[in-house]
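The values are calculated or read from the model by the stated rules, or taken from the named source; none is laboratory data. What you see is a predicted model; the values in this text were computed from it and never measured. Ideal geometry is used to build each Cβ from the backbone, glycine not excepted, and the neighbour counts take in all protein chains shown. Note: areas computed on protein heavy atoms with side chains; ligands, DNA, RNA excluded. Shrake-Rupley method; radii C 1.70, N 1.55, O 1.52, S 1.80 Å.
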Amino acid sequence: KQEVTQIPAALSVPEGENLVLNCSFTDSAIYNLQWFRQDPGKGLTSLLLIQSSQREQTSGRLNASLDKSSGRSTLYIAASQPGDSATYLCAVTGSGGGADGLTFGKGTHLIIQP
Amino acid sequence: ETGVTQSPTHLIKTRGQQVTLRCSSQSGHNTVSWYQQALGQGPQFIFQYYREEENGRGNFPPRFSGLQFPNYSSELNVNALELDDSALYLCASSLDYASEQYFGPGTRLTVT
């Protein structure tokens, strides 16, 4: 059974810092990995999708990497801003292609101090 | 905005009752998935529908059931509500079962 772990569970940093969020998964046979952002009580906003054949994806100040063989992904946020405060979730799709749904970690709660 | 909508936004039900939650997917998205998110946890996969047929299910009992309609709308039905069913229910649509999933804003269900 796939398990996804996110470290740290919570993080508080001053505005302007670069930061890294970590995600690990136990079964390397994945189809893709997605990073999401969730504001309190709201739905999920997709940030980046990395296919299993890719090593990284970039969008603006965000860069996500994937090392499938070691079961790890990182989300790098450059020049953090107070508006980046949210919970960040990573989720994997199994190699079956999605009929088992996404398996999520518990998330990293990020606070950017002004 | 993902183009995925859910209704209602909030709902309060009593233990033992039945509830129906609704989702409207992005036009052209043949796949809808439903997730349950308890407070402080990541979402848990309930089931997935592809072209109106259930094609995957997580570890949820049969009292959780669903429907998908040709007009890209879908329903999640929960019978015999229990207190532990209190959660945020999210639907997500995608082009197919392996594509990027786009989530709606969720329905907050409280069972008393």
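Looking across region B:4-21 at every residue that is of a type outside the set (Val, Ile, Thr) and closer than 12 Å to B:ARG108 by Cα, the one that is most open to solvent (accessible area, probe 1.4 Å) is identified as B:HIS10. For region B:74-90, check the following and say yes or no: at least one residue is within 13 Å of another protein chain (Cβ to nearest Cβ) and closer than 25 Å to A:GLY96 by Cβ. Yes: one or more hits. Go through region A:10-35 and give me each residue that's modelled with pLDDT of 95 or more and open to solvent by 50 Å² or more (accessible area, probe 1.4 Å). Matches in region A:10-35: A:ALA10, A:SER12, A:PRO14, A:GLU15, A:GLU17, A:ASN18, A:VAL20, A:ASN22, A:THR26.
Do any strands (runs of 3 or more DSSP E) entirely within chain A hold 2 or more residues that are closer than 28 Å to B:THR31 by Cβ, and if so, which? Before the answer, list the steps.
Details: elements: A:4-7, A:10-14, A:19-25, A:30-38, A:44-51, A:56-59, A:62-67, A:72-77, A:86-94, A:102-104, A:108-113.
Correct list: A:4-7, A:19-25, A:30-38, A:44-51, A:56-59, A:62-67, A:72-77, A:86-94, A:102-104.
Residues of region B:39-73 that are in a loop (DSSP other than H, G, I, E, B), open to solvent by 30 Å² or more (accessible area, probe 1.4 Å), touching a strand residue (DSSP E or B) at 6+ places or on another chain (Cβ under 6 Å) and modelled with pLDDT under 95: B:GLU52 alone.
B:LEU76: touching a residue at least 12 places away in the same chain (Cβ under 8 Å), open to solvent by 40 Å² or more (accessible area, probe 1.4 Å), under 14 Å from B:GLY106 (Cα atoms) and outside any helix (DSSP H, G or I), yes or no? No, not satisfied.
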